[in-house]
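Take a look at the structure below.
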Amino acid sequence: MTDSAFLNLVRGNRVPALMGLQQDGTPKYGPQYHYIELPVGSIHKDDGTVIEDKVLRNQHVEVVAAGSIMVRGQSPVLVAYNTDLQQVANLGSMHLVHPGGERHSPSFWVTFRKDCDIASIKWAVRLYLLA
């Protein structure tokens, strides 16, 4: 995809408003407000228990971003996963969140090939508002 496929808004407060973003703290924006980066909120095992410090090799876990969205308007939101995790884990592809749905907490399932400290994961997802 090219940058022209994304809705480029010059005011940073309009992007989270159209996404219906709820997050603690100030969102971290990409260049020219092309995306919003959300940190890791929590990591859950298959049984729902929360992992606090380290994900072990061969663990299948859900990485949940620190925030939620409820898309407004007509533009869907692309949820891109942290590709840096591909060095230590197997993860799926991106997904779309369409307008008019319920509140959505961006998350993804991943199987780790190596041990990984949770503190070393710089961000969980990037949210792109598509044009």
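The values are calculated or read from the model by the stated rules, or taken from the named source; none is laboratory data. Given the structure is predicted, the values throughout are model-derived calculations rather than measurements. Reconstructed Cβ throughout: ideal geometry from the backbone, glycine too, with neighbour counts over all protein chains shown.
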**Study point:** Yes/no for residue 4 being of a type outside the set (D, E, K, R) and modelled with pLDDT under 90
**Key:** yes
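Being assigned to a strand (DSSP E or B), within 20 Å of residue 93 (Cα to Cα) and not acidic (Asp, Glu) is the filter here; which residues of the stretch 50-72 pass it? If you could, list the steps in order and put the result at the bottom.
To start, the set of residues in the stretch 50-72 that are assigned to a strand (DSSP E or B) comprises 50-51, 54-55, 60-65, 68-69.
If we keep only those that are within 20 Å of residue 93 (Cα to Cα) as well, we get 60-65, 68-69.
Selection gives 60, 61, 63, 64, 65, 68, 69.
Restricting attention to the stretch 42-49, does a residue exist that is small (Gly, Ala, Ser) and not in a strand (DSSP E or B)?
Taking the stretch 42-49 and keeping what is small (Gly, Ala, Ser), we get 42, 48.
The next check asks that each one be not in a strand (DSSP E or B); those that pass are 48.
Checked the stretch 42-49: at least one residue is small (Gly, Ala, Ser) and not in a strand (DSSP E or B).
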**Study point:** strands (runs of 3 or more DSSP E) fully within the stretch 73-129 counting 2 or more residues that are in contact with a Phe, Trp or Tyr (Cβ under 8 Å, 6 or more places away or on another chain) and closer than 18 Å to residue 36 by Cβ
**Key:** 77-81, 125-129
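Picking from 62, 102, 37, which residue would you name as being farther than 28 Å from residue 115 by Cα and acidic (Asp, Glu)? Talk me through it step by step, then tell me what you get.
Numbers: 62 fails: farther than 28 Å from residue 115 by Cα; 37 fails: farther than 28 Å from residue 115 by Cα.
On inspection, the qualifying residue turns out to be 102.
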**Study point:** Criterion violated by residue 55 - all others in (1) under 13 Å from the mean Cα position of the chain (by Cα); (2) at pLDDT 95 or above satisfied
**Key:** (1)
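Filtering the stretch 120-131 down to residues that are in contact (Cβ under 8 Å) with a residue 40 or more places away in the chain and more than 13 Å from the chain's Cα centre (by Cα), which residue is nearest to residue 83 (Cα to Cα)?
Narrowing the stretch 120-131 to residues in contact (Cβ under 8 Å) with a residue 40 or more places away in the chain: 121-131.
Cutting the leftovers down to more than 13 Å from the chain's Cα centre (by Cα) gives us 130-131.
Details: 130: 20, 131: 23 Å.
Across the stretch 120-131, the extreme among qualifying residues is 130.
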